[in-house]
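S.K.: This structure is in structure tokens; I'll ask about it shortly.
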């Protein structure tokens, strides 16, 4: 077949070819713009990570983000995922990955239940979850064994929270070891520190702290207690210091003071600060109560240490600048407070206000962080009940989750102001995690992504 091109046909062909080129260029531009917008959106969504138990700074505060105020099983739930292991460790988040540790089946027979003894092997597992869909990406068995000693009757096991630096995830199970995985779930190294012997048969609970390329583990128990710092990439010990301590369950806090990183620990005998680089003891203070679970927190050059056990309470604000040696009774102690301090939950220092709960109850105190004077105290959180998790703060809000599924949202400020109360059908001992505009709540059985 022959095609005869007249002048007009040649012109139409030329114009159509030009239009085709323009359309192709336009399509490419649209694709580039769409890709750019997707990249911006992804960066926005993942701008805020929650890499360890108390968040980016180890304080329970999310600097960015705007999660919902209200939710229920039918409202503002992006997804709800059944977890393969139960536990009370907090999820950690980096980019599109959420990591959770747990124990399965973590069961004890009815005869031994009240004594807290295990009667069958427990599988200690690490799970990676897709942040967008809530689907499980991978699950790894770290160890399977019958624990060498029991636990508190209310405990479920799997209390040690993991941490991540975006390249690796560090899953810690106390006496069951420390495991380092790639983001894809490949085991890089593992470390076994031996068996802890826990006072009162309460079970284990301290979590590791991650700071740059260093991983800090505190090992206080009935035996030779110690603190150890590891190279996060290899698991090799950088230094180890013995501690004259009873069992504690707190997690160490790393704070920079005049360009020097300090590791701060609170416990029954002493409160101590170590040089992160060398292990040298920088300063120490008198200890707190028996059974120290609450971890230190910090803001504006001050560290706040506290604990509560039965009828005893202790809280001190310590100025870090210039603190050296034994600071007991010195000007480094800015103020102290001796009422209504927490048992299991840690405190929240948030824009000049210090929030903490009495023991494990839904009774809240809010102090001026600079003076220690109460704005309000012994404020009952109606409907919340017992609280084992720690409060978190973001924007102008404070979130406190009760064990039986009620989370109360308060307006941050010197006056007690309830914004909302929300209810979910699970048991919650894990602290909330905030990343971007989502809040993640880990129950015994499910992980919830709460988002608009």
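S.K.: What fraction of the Cα pairs in the range 260-360, stated in percent, has a spacing above 15 angstrom? Don't jump to the answer; show the numbers that get you there.
M.R.: Working: 2930 of 5050 pairs.
Value for the range 260-360 (Cα pairs over 15 Å): 58 percent.
S.K.: May I ask you to compute the full-extension gain from residue 415 to residue 237, defined as 0.36 nm times their residue separation minus their alpha-carbon distance, rounded to one decimal in nm?
M.R.: 59.4 nm
S.K.: Contour minus end-to-end for residue 326 and residue 290, with contour as 0.36 nm per residue of separation and end-to-end as the Cα-Cα distance?
M.R.: Full-extension gain reported as 10.9 nm.
S.K.: Further, regarding this structure: Could you put 139, 63 in order, starting from the residue whose Cβ has the fewest other Cβ atoms within 10 Å?
M.R.: Working: 139 17, 63 13.
Going from least to most buried by this count: 63, 139.
S.K.: Neighbour counts of other C-beta atoms within 10 Å: give me 53, 138 arranged from fewest to most.
M.R.: The most exposed by this proxy come first: 138, 53.
S.K.: Right, another one. Taking the Cα centre of each part, how many Å lie between the range 384-413 and the range 247-300?
M.R.: If you average the Cα positions of each part, the centres end up 25 Å apart.
S.K.: Suppose each label sits 7 Å from its Cα in the direction of the beta carbon; what would the residue 278-residue 339 distance come out to in nanometres?
M.R.: Placing both labels 7 Å along Cα→Cβ, they lie 4.4 nm apart.
S.K.: Hey, what's the Cα Rg ratio for the range 181-330 versus the globular rule of thumb, 2.2 N^0.38 Å?
M.R.: Cα-based Rg divided by the globular estimate yields 1.05.
S.K.: Another question, if that's okay. Quick one: if the Förster radius is 56 Å, what FRET efficiency do residue 370 and residue 404 give, using the C-beta to C-beta distance and rounding to 0.05? Working shown, then result.
M.R.: On the way: r = 35 Å, r/R0 = 0.63.
For R0 = 56 Å, the calculated efficiency reads 0.95.
S.K.: Would you mind putting 403-410, 289-296 in packing order, based on average other-beta-carbon counts within 10 Å, highest first?
M.R.: The peptides rank, most packed first, as 289-296, 403-410.
Every number here is computed from the coordinates shown, using simple stated rules; none is lab data. Note that the coordinates shown come from a computational prediction; the quantities given were computed from them, not determined experimentally. Glycine gets a Cβ as well: all are built from the backbone with ideal geometry, and neighbour counts include every protein chain shown.
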